[in-house]
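Student: Pasting a structure here, questions to come.
Throughout, read-outs are computed from the coordinates displayed, never taken from laboratory work. These numbers were taken from a predicted model, which means no experiment stands behind them. Here the Cβ positions follow ideal geometry from the backbone for every residue, glycine too, while neighbour counts run over all protein chains shown.
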Amino acid sequence: MAKEITSREENYSQWYNDLVVKSGLAEQSPVRGCMVIKPYGYAIWEKMQSVLDGMFKETGAQNAYFPLFIPKSFFSREAEHVAGFAKECAVVTHHRLMNDPDGNGIVVDPDAKLEEELIVRPTSETIIWSTYKNWIKSWRDLPIMCNQWANVVRWEMRTRLFLRTSEFLWQEGHTAHATAEEAQAEAERMVQVYARFAREFLALPVIVGRKSPNERFAGALDTLTIEAMMQDGKALQAGTSHFLGQNFAKSFDVQFTDKDGSQQYVWATSWGVSTRLMGALVMAHGDDNGLVVPPRLAPIQVVMVPIFKTDEEHVAIIDKMTALKKDLEAKGHTVKIDDRDTLRPGFKFAEWELKGVPVRLAIGPRDLENGTVEVHRRDTMEKKTVALDGLADSIESLLDDIQQNIYKKAFDFRAAHVEKCDDWNEFKEKIGTGKFLLCHWDGTAETEQKIKDETKATIRCIPVDSFVCEEEGKDIYSGKPSHQRVVFAISY
RNA sequence: CGGGGUGUGGCGCAGUUGGCUAGCGCAUCUGGUUUGGGACCAGAGGGUCCAGUGUUCGAGUCACUGUACCCCGACCA
């Protein structure tokens, strides 16, 4: 009973925290607000990285790396951008330590003060645009599309594992284009890449939409988002893609000579997803037995547990398992034989369930005799005994089925928790009960702010590809005319 | 930064109106029996009770100060 976790019903945040820690994804670091991502968690993140990387390359983006430190003067060039991040920056002011003259260990050497402070990047727009300036002279240099995998630091007041930590890992793409249309199209294309990743790999149904001006990225003209529903009915912003217009180009003076010889400012986008996706994975699919990892992201897709009494049985079972493992690996599956001899089978079952491995195979003396295998699927917890012959062929479709089923489960859950709402009192009652509410909005920041103040709910997005509802109506709060419904929810 | 709470072996906790050698569960280690759903028995190791000061014959327990962490707000991927 060592690893039992709090149930979802009992306390959702406690359940989440337990699950992240006890499944071996990550743990809190002694450093304030920081997190240690453990090997199992990092393996899933690496899988996400490799899939996303492939998708980015298809769009023509290339990986690059820009510095961690940003001179304060770069940072302050774009006014809105500074305002958005200034309150949560870590700043490097000195470059040397020394022995304390009073003998109390080590102190910062006051003589080593930097002439200009360096900001630890909270995002890289500023350093990248000051670099792009030198890369872009002519229309022939465009577009430029770079992505970087990096860590960023945002000094948040309150933190939660994966969802909001002081330091987190992410990817950020930054592109420069000759025309507004091209940049806008790039921003839209990338949000669709994220949506496809979420749906097909994370098995996470997401709403693609546009942020209201209040919720936009600091310095963007348009922010596109994918919004997912967690099992407590709260919304999680899982990825964003921004059309930055010419704001950064103008702030950093990035101009090119166009075909007609005129000087033009470039048009920009940026887009990113972070290790928050790990949190989404946990909160969207996990249950009281542990994680449920979609097969397409699982570092281990099939785990095998031998059950035996005698050495002869052990040898025979491991033989069979090794042969089966080879077959499965030939088909591209990742397989682990859990041959630890100090643990009993029941313990191993529970442990692999906690880690969310999609399929578990068990072979014992009984199976040895009958030529069978016990097959257990994590998503439904169903157990079946099947013939060993031909099993390798059926695992692929089983994994597919599990992937589909996890998506469907999340999809049905969301469907059951989204509704239209046209009455303000009803809104106030329902919004706190874990629902997405589709409501009319008059398009003003004032109304949005008032709704937020009264209910904590925000406009998650104005949907563009699911839950789109363009119709005439009246604003839920102000009663003013509206042309479409937007998604309101309490968010993480 | 405002409001609330908690600091006791690695983890989770108990410890009465101040009292005798600081305890329990889990984990760890040793030996044995086990192994088809989180094993059992026997034994062992592991603590400056967050820090400082004070009250007292006596402080894990009371007071003050500091500090760390957690929860609720404002901020956010």
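Student: Please give the calculated 222 nm ellipticity per residue for chain A, where each DSSP H segment of at least 4 residues contributes -39500 (n - 2.57) and the sum is spread over every residue; nearest 500 deg cm²/dmol?
Tutor: The helix contribution divided over chain A gives -11000 deg cm²/dmol.
Student: With both bridge residues required to lie in segment A:302-402, what share of the DSSP beta bridges run antiparallel, to the nearest 5%?
Tutor: Percent antiparallel among DSSP bridges in segment A:302-402 is about 55.
Student: Ok, one more. Between rounded, prolate and oblate, where does segment A:15-137 land on the alpha carbon gyration tensor, with a ≥ b ≥ c its root eigenvalues, rounded for a/c under 1.5, else prolate if a/b exceeds b/c?
Tutor: Judged from the Cα gyration tensor, segment A:15-137 comes out oblate (a/c at least 1.5, b/c at or above a/b).
Student: For chain A, what does the relative contact order come out to in percent, with C-alpha contacts under 8 Å and a separation of six or more?
Tutor: 14 percent
Student: Any chance you could give the angle, 0 to 90 degrees and rounded to 10, that helix A:12-22 forms with the longest Cα principal axis of chain A?
Tutor: 70 degrees
Student: With respect to the cross-link table entries A:LYS428/A:LYS450; A:LYS72/A:LYS113; A:LYS430/A:LYS474; A:LYS38/A:LYS325, which display a Cα-Cα separation exceeding 21 Å?
Tutor: In this structure, A:LYS38/A:LYS325 lie more than 21 Å apart at Cα.
Student: Still on this model: Pairs to check: A:LYS87/A:LYS234; A:LYS47/A:LYS211; A:LYS326/A:LYS383; A:LYS211/A:LYS452. Give those whose C-alpha atoms are more than 20 Å from each other in this structure.
Tutor: Checking Cα-Cα distances, A:LYS87/A:LYS234; A:LYS47/A:LYS211; A:LYS326/A:LYS383 exceed 20 Å.
Student: Just report the Cα centroid separation between segment A:222-269 and segment A:426-492, whole Å.
Tutor: Each part reduced to its Cα centre gives a spacing of 24 Å.
Student: Please grab the % of Cα pairs in chain A that end up more than 33 Å from each other.
Tutor: The calculated P(r) of chain A puts 48 percent of pairs beyond 33 Å.
Student: How big is the charge dipole of segment A:21-91 about its Cα centre, in debye rounded to the nearest 20, if each Lys and Arg gets +1 on its Cβ and each Asp and Glu gets -1 on its Cβ?
Tutor: Magnitude of the dipole: close to 240 debye.
Student: Could you work out the local net charge near A:TYR12, counting Lys and Arg as +1, Asp and Glu as -1, over the other residues with Cβ closer than 13 Å to its Cβ?
Tutor: -3
Student: Once each part is reduced to its C-alpha centroid, what is the distance from segment A:24-92 to segment A:298-330 in angstrom?
Tutor: Segment A:24-92 and segment A:298-330 have Cα centres spaced 39 Å from each other.
Student: Summing Lys, Arg as +1 and Asp, Glu as -1, what charge do residues with Cβ under 9 Å from the Cβ of A:ASN405 carry, A:ASN405 excluded?
Tutor: For residues surrounding A:ASN405, the net value is +1.
Student: Another question, then. Net charge within 14 Å of A:THR322 by Cβ-Cβ distance, Lys/Arg positive one each and Asp/Glu negative one each, not counting A:THR322 itself?
Tutor: -1
Student: Shifting gears a bit: List, in order, the whole-Hz ³J(HN,Hα) value for each residue of segment A:45-58 obtained from phi through the Karplus relation with A = 6.51, B = -1.76, C = 1.60 and θ = phi - 60°; use x for Gly and Pro.
Tutor: Whole-Hz 3J(HN,Hα) from phi for segment A:45-58: 4, 4, 5, 4, 4, 5, 5, 4, 4, x, 5, 5, 4, 4.
Student: Across 5 Å bins from the origin, how do the percents of Cα pairs in segment A:302-402 run, short distances first?
Tutor: 3, 12, 26, 27, 21, 9, 1, 0
Student: Any idea what angle helix A:445-455 forms with the longest principal axis of chain A, computed on alpha-carbon atoms, 0 to 90 degrees, nearest 10?
Tutor: Roughly 40 degrees, rounded to the nearest 10.
Student: If you place +1 on the Cβ of every Lys and Arg and -1 on the Cβ of every Asp and Glu, how big does the dipole about the Cα centre of segment A:116-270 come out, in debye to the nearest 20?
Tutor: The calculated dipole for segment A:116-270 is roughly 320 debye.
Student: Compute the separation of the alpha-carbon centres of segment A:343-418 and segment A:113-178 and state it in Å as a whole number.
Tutor: 42 Å
Student: In whole Hz and in residue order, list the ³J(HN,Hα) couplings for segment A:345-356 that follow from phi through the Karplus curve 6.51 cos²θ - 1.76 cosθ + 1.60, θ = phi - 60°; x for Gly and Pro.
Tutor: For segment A:345-356, the Karplus-derived couplings read x, x, 5, 5, 3, 4, 5, 6, 5, 4, 7, x Hz, x marking Gly and Pro.
Student: If you place +1 on the Cβ of every Lys and Arg and -1 on the Cβ of every Asp and Glu, how big does the dipole about the Cα centre of chain A come out, in debye to the nearest 20?
Tutor: 200 debye
Student: Taking the Cα centre of chain A as the origin and placing charges on Cβ (Lys, Arg +1; Asp, Glu -1), which of A:ALA180, A:GLN403, A:GLY432 is farthest toward the positive end of the dipole?
Tutor: After comparing all options, I get A:GLY432.
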